[in-house]
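Engineer: Quick one: the structure is below, and I'll ask about it shortly.
The values are calculated or read from the model by the stated rules, or taken from the named source; none is laboratory data. Here the structure is a predicted model, which means the values were calculated and not measured. In this analysis, Cβ positions are derived from the backbone assuming ideal geometry, glycine residues included, and neighbour counts consider all displayed protein chains. We work out accessible area using only protein heavy atoms, side chains counted, and drop any ligands, DNA or RNA first. Shrake-Rupley method; radii C 1.70, N 1.55, O 1.52, S 1.80 Å.
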Amino acid sequence: MEDFLKRSLNLEKLQYLGVCSGGCISDSKVYNTDFGKLFVKQNSEKEAWQMMKGEFESLSAISDTKTLRVPQPKHVLPHPSGQGGVLVVEYLEMRYLSKYQARLGEDLAKLHLHNQTLLSKDSKIESREDSEPKYVEKFGFHTATCCGIIPQENDWCSDWVEFYTRQRLKPQIDLVMKKEGNRQLMELWSHLERRIPHFFDGITIQPSLLHGDLWSGNVSETDADPVAYDPASFYGHSEYDFGIAGMFGGFSKEFYNSYHRLIPKSPGFDERHQLYLLFHNLNHWNHFGSTYSSGTLSIMRKLVK
């Protein structure tokens, strides 16, 4: 791997500094290089190329908004084994999130509002340079991303309910059924699928750039800022990011209060939170097995009442 990195990144200096946590899916190491310290995450599984490419594009999109701090993406490379990928980002000295919980909530809200600020700018400016960011009017993303190792299609769609049903929930349902089958799951899904539009009655949803996998294991802080990483971004409903955030805890009342000062809760927030939590329970079922089946089915029963 070291020789591959030196050739691919045109480095003269590459000093191994140690292993660093890269989650439960990929291997990660830190190096000192001509360009400072770099964090290198690699995975040789076939699906990992899209995972690394999607994360690189997600980090780039979030970084471009200058709202929520993320490690600066440097390179994404095909794995030297011939399959999989290698992601190279800046290395940041980080610790457990504590001091900057409120700042994280504020920065996340600013990320979610960023696309709307572009809409207001577009309405005031008659002509824009091609290089300037423009308002994104549909839901989706320009590449597939992965929440874990499972690819998520992000085909552009003008309707959020259709996008979330067809490109998030339905693929997860289909994957569970393909792997093991579950009659209760299919029965509940046949009822829930028809009810999904009901949860969005009376609200207007504008596309927001999302982190996409914002759980407590994907946030930390430096001495100066909160930091988020391992995103699976796309343009979607801002409330989506609270699905997995509420699944494992780790976020304080200050985080939520700070966020909702900028983006107040809309009517029906709590029910939709369960709907977004459902996706992550299904995703964990598909990653880690039927341990997550009872939680998934319980959420679905609540939603179909």
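Engineer: Of the residues Asp159, Asp155, which single one is free of Cβ contacts under 8 Å to residues at least 24 places away in the same chain and under 19 Å from the mean Cα position of the chain (by Cα)?
Structural biologist: Asp155
Engineer: For Ser26, state whether it is in contact with a helix residue (DSSP H, G or I) (Cβ under 9 Å, 6 or more places away or on another chain), surrounded by 15 or more Cβ atoms within 10 Å (Cβ to Cβ) and closer than 17 Å to Gly217 by Cβ.
Structural biologist: yes
Engineer: Under the condition of being in contact with a Gly (Cβ under 8 Å, 6 or more places away or on another chain) and not aliphatic (A, V, I, L, M), which residue from the stretch 223-235 is surrounded by the most Cβ atoms within 10 Å (Cβ to Cβ)?
Structural biologist: By that ranking, first place goes to Phe234.
Engineer: Name the residue that is farthest from Tyr229 (Cα to Cα), counting only residues in the stretch 42-56 that are crowded, with 20+ Cβ neighbours inside 10 Å and either of a type outside the set (A, V, I, L, M, F, W, C) or in contact with a Lys or Arg (Cβ under 6 Å, 6 or more places away or on another chain) (or both).
Structural biologist: For the stretch 42-56, the residue satisfying everything is Asn43.
Engineer: Does Phe255 fit the bill of being touching a Cys at 6+ places or on another chain (Cβ under 9 Å), open to solvent by less than 10 Å² (accessible area, probe 1.4 Å) and in contact (Cβ under 8 Å) with a residue 60 or more places away in the chain?
Structural biologist: In short, no.
Engineer: Something else now. Of the numbered conditions (1) more than 26 Å from Trp189 (Cβ to Cβ); (2) not in a helix (DSSP H, G or I), Ser266 fails exactly one; give the number of that condition.
Structural biologist: (1) is the only condition that Ser266 fails.
Engineer: Can you name the residue in the stretch 167-218 that is acidic (Asp, Glu) and under 28 Å from His142 (Cβ atoms) and, of all such residues, is least open to solvent (accessible area, probe 1.4 Å)?
Structural biologist: Asp213
Engineer: Kindly evaluate Thr117 against the criterion of being of a type in the set (Ser, Thr, Tyr), in contact (Cβ under 8 Å) with a residue 12 or more places away in the chain and surrounded by fewer than 20 Cβ atoms within 10 Å (Cβ to Cβ).
Structural biologist: No: the conditions fail for Thr117.
Engineer: Among the residues that make up the stretch 74-83, is at least one of them of a type in the set (S, T, N, Q) and within 25 Å of Pro133 (Cβ to Cβ)?
Structural biologist: no
Engineer: Quick check: anything in the stretch 236-244 in contact with a strand residue (DSSP E or B) (Cβ under 8 Å, 6 or more places away or on another chain), open to solvent by 40 Å² or more (accessible area, probe 1.4 Å) and in contact (Cβ under 8 Å) with a residue 40 or more places away in the chain?
Structural biologist: No, because not a single residue in the stretch 236-244 is in contact with a strand residue (DSSP E or B) (Cβ under 8 Å, 6 or more places away or on another chain), open to solvent by 40 Å² or more (accessible area, probe 1.4 Å) and in contact (Cβ under 8 Å) with a residue 40 or more places away in the chain.
Engineer: Could you tell me which residue of the stretch 258-305 is surrounded by the fewest Cβ atoms within 10 Å (Cβ to Cβ), considering only residues that are over 21 Å from the mean Cα position of the chain (by Cα) and among the hydroxyl-bearing types (Ser, Thr, Tyr)?
Structural biologist: Taking the candidates together, the pick is Thr291.
Engineer: For the condition at pLDDT below 95 and aromatic (Phe, Trp, Tyr), what is the one hit in Phe35, Phe56, Phe39?
Structural biologist: Only one candidate passes the filter, namely Phe35.
Engineer: Output the residue which, of all residues in the stretch 71-111 that are part of a strand (DSSP E or B) and open to solvent by less than 30 Å² (accessible area, probe 1.4 Å), is nearest to Pro207 (Cα to Cα).
Structural biologist: Looking at the filtered set, the residue picked out is Pro73.
Engineer: Can you confirm whether the stretch 263-272 contains a residue that is touching a residue at least 24 places away in the same chain (Cβ under 8 Å), of a type outside the set (A, V, I, L, M, F, W, C), in contact with a helix residue (DSSP H, G or I) (Cβ under 7 Å, 6 or more places away or on another chain) and under 22 Å from Arg183 (Cβ atoms)?
Structural biologist: No, the conditions are met nowhere in the stretch 263-272.
Engineer: Scan the stretch 289-305 for residues that are in contact (Cβ under 8 Å) with a residue 40 or more places away in the chain and either of a type in the set (S, T, N, Q) or outside any helix (DSSP H, G or I) (or both) and report the count.
Structural biologist: 3
Engineer: Let me ask you something else. Before we move on, is Ala224 at pLDDT 95 or above and touching a Leu at 6+ places or on another chain (Cβ under 7 Å)?
Structural biologist: Judged against the criteria, Ala224 is not a match.
Engineer: Please go through the stretch 104-120 and give me each residue that is under 19 Å from the mean Cα position of the chain (by Cα) and either among the hydroxyl-bearing types (Ser, Thr, Tyr) or more than 13 Å from Ile263 (Cβ to Cβ) (or both), ordered by number.
Structural biologist: Leu104
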